[in-house]
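Have a look at the structure below, then the notes.
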Amino acid sequence: MASPTELMLEDLSQKYAHTPVSNAFMRLYEREKWLGRIFASLHERLNEHFEAINGRTETTRHYWADPSRTMLALLKEIDEVIDSLAHANLEVELAGAYRAAIDGCKAWLKHSGGSSIPEEFKQIGLIKYEPAFTLANATVRLKKGDTRVQLQLIGEGSYAKVFSFVDPDYDIKFAVKRANKDLSERDLHRFRQEFKILKRLSFPYIVQVYQYDETRHEYKMEFCEATLRAYIKRRNSTLRFASRKRIALQFLYGINYIHSEHLLHRDISLQNVLVKTFAGGAVLVKLSDFGLVKEKGSDFTRTKTEMRGTIRDPLLPNFKDYEICNEIYAIGHILSYIFSGRESLMSGTDAASQVVRKCTAHDIAARYQTVLDIIQDVERLEATPADAPA
């Protein structure tokens, strides 16, 4: 048998089940599940009254009899809902500005004859784009709401700048990628698409993104300590072959994943492959910079679009025709750098050099056809390549 609390909550839910509420307010309470319709209904009706009262403060400063009675009934309803939920250990928190406005209105609202709005009563700031009702025990107050943090520039390109900052709530470093102000609409569209694609991808070797700001055209992402170029250059004389092989495989696993998602990166470079470092020397490779990514079937790239990307396949006729074989050419250059620490292609006869040569062959038919084929050959590598410095 249901408990008295369960019966009370069921009745409360049923009461509002068919209450008409506009989507403008329902969307504010999507996370609240069945409570969402209740909160959205109360919020919407409060706003209607507050907006009407604001209008009367500019004219007769008189709130008519019927609206006064309706609002008093609404304020009583809000108190009853909050009390009922409190009995179920659900503490509702009403936005401070609205609580103050309600208390102020209660002082002059009357059940008959209309209500005179006092001269000292100021217009109410409407809350339209965030919840006015929240569950206090389901939220956490964050420092970031009233704390400004300093950004540090860590990277700059043709389309965007990258900054780092330390989040005051978690004491963790994050990165912010901000589009340059002079971007064309087309490139700004690419920037938004980059975020959307990264947001939907979930894989250990893909950089993670968190939040897009439409006002500043920027998004937050996980912070990585170095680019692949910088990481290997700093350790090239001491980096063991086993470590190089692990880095190469992580890089390949990441590329294979995005290919399995019917995407082509099209801008693989030593700058766009990042490295996240951990205590004890462990590293994670993170693919980033998806601004030139191509989705299968997309015709966004025009035939006359200029050739872009840091590593360009000499056999690519135009950017619109970019395919996996062209991506594999760029992969070969990255693998060569990982195993040799030099930006010129490996030229030895060892197994690693053979993998690189097959990726970058001048005959496309002689190249690897899939990244999985490359992974199989790299997994079999055992000896230190002759070209490697250590």
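Okay, residues lined up against (1) over 19 Å from the mean Cα position of the chain (by Cα); (2) in contact (Cβ under 8 Å) with a residue 24 or more places away in the chain:
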| residue | (1), (2) |
| --- | --- |
| His259 | yes, yes |
| Leu263 | no, yes |
| Leu270 | yes, yes |
| Gly280 | yes, no |
Per the list (1) in contact with a strand residue (DSSP E or B) (Cβ under 9 Å, 6 or more places away or on another chain); (2) at pLDDT 95 or above, residue check on Arg56 breaks on (2)
### Query
Does the stretch 260-270 contain any residue that is modelled with pLDDT under 95 and charged (D, E, K, R)?
yes
Flagged in the stretch 89-106 as outside any helix (DSSP H, G or I) and over 14 Å from Leu126 (Cβ atoms), in numbering order, are Asn89, Leu90, Glu91, Val92, Glu93, Leu94
(Q) Here is a check on your reading of the model: is Leu109 out of contact with any Phe, Trp or Tyr (no Cβ under 8 Å at 6 or more places or on another chain) and either in a helix (DSSP H, G or I) or surrounded by 12 or more Cβ atoms within 10 Å (Cβ to Cβ) (or both)? (A) no
Scanning the stretch 61-74 for residues that are out of contact with any strand residue (DSSP E or B) (no Cβ under 9 Å at 6 or more places or on another chain) and surrounded by fewer than 16 Cβ atoms within 10 Å (Cβ to Cβ) gives Asp66, Thr70, Ala73
Within the stretch 194-242, the count of residues that are among the basic types (Lys, Arg), within 23 Å of Arg178 (Cα to Cα) and without any contact (Cβ under 8 Å) to a residue 40 or more places away in the chain comes to 4
Check the stretch 302-311 and report whether any residue there is of a type in the set (D, E, K, R) and either modelled with pLDDT of 85 or more or not assigned by TED's automatic domain parsing to the domain that holds Tyr231 (or both).
-> no
Within the stretch 149-176, of all residues that are assigned to a loop (DSSP other than H, G, I, E, B) and charged (D, E, K, R), the one surrounded by the most Cβ atoms within 10 Å (Cβ to Cβ) is Asp169
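Which residue, of Ser41, Ser22, is among the hydroxyl-bearing types (Ser, Thr, Tyr) and farther than 19 Å from Val92 by Cβ?
Ser22
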Thr238: passes all of (1) in the same structural domain as Leu153 (by TED's automatic domain parsing); (2) assigned to a loop (DSSP other than H, G, I, E, B) but (1)
By residue number, the members of the stretch 178-212 that are under 19 Å from Arg266 (Cα atoms), of a type outside the set (Phe, Trp, Tyr), under 11 Å from the mean Cα position of the chain (by Cα) and not in a loop (DSSP other than H, G, I, E, B) are Arg192, Glu194, Lys196, Ile197, Leu198, Lys199, Arg200
Going through the stretch 10-31 in order, the residues found to be in a helix (DSSP H, G or I) and under 35 Å from the mean Cα position of the chain (by Cα) are Ser13, Tyr16, Asn23, Ala24, Phe25, Met26, Arg27, Leu28, Tyr29, Glu30, Arg31
Taking first residues from the stretch 122-135 that are in the same structural domain as Asn54 (by TED's automatic domain parsing) and second residues anywhere that are in a loop (DSSP other than H, G, I, E, B), the pairs with Cβ under 7 Å that are 6 or more apart or on different chains are Ile127/Ala95; Ala132/Ala95; Leu135/Leu90; Leu135/Glu91
Going through the stretch 90-105 in order, the residues found to be exposed (fewer than 12 other Cβ atoms within 10 Å of the Cβ) and either acidic (Asp, Glu) or over 33 Å from the mean Cα position of the chain (by Cα) (or both) are Asp103
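Give me the residue from the stretch 312-325 that is touching a strand residue (DSSP E or B) at 6+ places or on another chain (Cβ under 8 Å) and surrounded by 14 or more Cβ atoms within 10 Å (Cβ to Cβ) and, out of that set, modelled with the lowest pLDDT.
Checking each candidate, the answer is Tyr322.
Limited to the stretch 269-284, what total is found for residues that are touching a strand residue (DSSP E or B) at 6+ places or on another chain (Cβ under 8 Å), part of a loop (DSSP other than H, G, I, E, B) and surrounded by 10 or more Cβ atoms within 10 Å (Cβ to Cβ)?
Restricting attention to the stretch 269-284, the residues satisfying the condition of being touching a strand residue (DSSP E or B) at 6+ places or on another chain (Cβ under 8 Å) are 270-278, 283-284.
Then drop every residue that is not part of a loop (DSSP other than H, G, I, E, B), which leaves 270-272, 278.
Now restrict to residues that are surrounded by 10 or more Cβ atoms within 10 Å (Cβ to Cβ): 270-272.
Residues meeting the conditions: 3.
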Scanning the stretch 244-259 residue by residue, the ones that are more than 14 Å from Val293 (Cβ to Cβ) and out of contact with any helix residue (DSSP H, G or I) (no Cβ under 8 Å at 6 or more places or on another chain) total 2
The lone condition Glu30 fails out of (1) in contact with a helix residue (DSSP H, G or I) (Cβ under 8 Å, 6 or more places away or on another chain); (2) surrounded by 14 or more Cβ atoms within 10 Å (Cβ to Cβ) is (2)
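The values are calculated or read from the model by the stated rules, or taken from the named source; none is laboratory data. What you see is a predicted model, and the numbers here were worked out from it, not measured in a lab. For neighbour counting, all protein chains shown are included, and Cβ atoms are generated from backbone atoms with ideal geometry for every residue, glycine included.
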